[in-house]
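Any read-out appearing in this document is the output of simple, stated calculations on the displayed coordinates, not a laboratory observation. Computed from a predicted model, the values in this text were never measured in an experiment. Positions of Cβ are generated from backbone atoms using ideal geometry, with glycine treated the same way; all protein chains shown enter the neighbour counts.
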Amino acid sequence: MRALKFAAIMSVSLLLVMAGCVGYLFLTAEVQIVDIQAQGIPVEQTELDLLKQSIEQQTFYGTLFQKPHEWSDASEYVYLTYTVRIRNNCLVPIDMIELQVVPQSGDILQKADLKVKSLDLKSEGEVQVQILSPKNSHPIREMIVTYYLWGVSGNIKTVYGQ
């Protein structure tokens with residue numbers, strides 16, 4: 001009888017310790033945006049011609065925000081490249097990270113990134129995205145970082161340039 005009472009007390013104690021550990025994991029699970037950098041990269045004419053061709057043939061892989069009525073010369077466009085530094089403060093790795101830019105009125109497309117990005121526990125990493133935009137556009141953009149922990153998605157919204 002004493003052995004059963006001791007086993008029951010130990011089982012309940014073990015259950016409480018495990019529930020506390022799981023609660024600690026969820027309460028300390030935080031993904032942060034540490035830094036955002038933006039850079040304008042000129043577009044080469046041959047690359048713009050390939051982009052136009054893939055859009056016309058509907059083979060473009062990425063997000064097409066709008067199709068220009070008339071394409072200008074390559075000197076009129078720029079790739080706005082955003083590099084977002086992310087810190088994983090969780091005790092579990094991030095399975096996948098994706099970055100999306102909310103387009104402004106003149107933005108044309110966002111190139112697709114086919115590499116799967118992940119982050120180990122308690123580490124930092126970078127995610128990059130490129131959008132094609134008119135040369136005179138400002139770099140202020142809203143960005144959405146989507147990440148997956150244990151198959152559950154989470155979002156962080158931020159704005160570059162404010």
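Structure summary
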item: Tally of Lys pairs whose C-alpha atoms are under 23 Å apart, taken over the chain, 8 or more apart or cross-chain; result: 10
item: Calculated FRET efficiency for the pair Lys157/Glu76, C-beta based, R₀ 45 Å, to 0.05; result: 0.90
item: Alpha-carbon centroids, the stretch 99-162 and the stretch 1-74: separation in whole Å; result: 9 Å
item: Among [x] 23.2, 88; [y] 17.3, 63; [z] 25.7, 71, the entry derived from the coordinates for Rg and Dmax of the Cα atoms in Å; result: [x]
item: Whole-Hz couplings from phi, Karplus 6.51/-1.76/1.60, listed for the stretch 66-72; x for Gly and Pro; result: 7, 9, x, 5, 9, 7, 8
item: Relative contact order of the chain, pairs being alpha-carbon contacts under 8 Å that are 6 or more residues apart, as %; result: 23 percent
item: Neighbour cut-off at most 15 other Cβ (10 Å), DSSP loop, GluC sites (Glu not before Pro), the stretch 38-106; result: Glu44, Glu70
item: Most mobile of Leu119, Leu99, Leu15 in a GNM of the chain (Cα contacts under 10 Å); result: Leu15
item: Pair Tyr61, Ser118: separation of 7 Å Cα→Cβ label points (nm); result: 2.0 nm
item: Loop-resident sites, the stretch 67-162, for chymotrypsin sites (Phe, Trp or Tyr not before Pro), counting at most 10 other Cβ within 10 Å (DSSP); result: none
item: Charge dipole (debye, nearest 20) of the chain; +1 at Cβ of Lys and Arg, -1 at Cβ of Asp and Glu; result: 1040 debye
item: The chain: calculated mean residue ellipticity at 222 nm from DSSP helix runs of at least 4, using -39500 (n - 2.57); result: -8500 deg cm²/dmol
item: Furthest towards positive pole of dipole, Phe60, Gly161, Gln32, structure part the chain, Cβ charges; result: Gln32
item: Using θ = phi - 60° and Karplus 6.51 cos²θ - 1.76 cosθ + 1.60, couplings along the stretch 11-22 (whole Hz; Gly, Pro as x); result: 5, 5, 4, 4, 4, 5, 5, 5, 5, x, 5, 5
item: Derived scalar couplings ³J(HN,Hα) [the stretch 32-38; Karplus, 6.51 cos²θ - 1.76 cosθ + 1.60; whole Hz; x for Gly, Pro]; result: 10, 8, 8, 7, 10, 10, 10
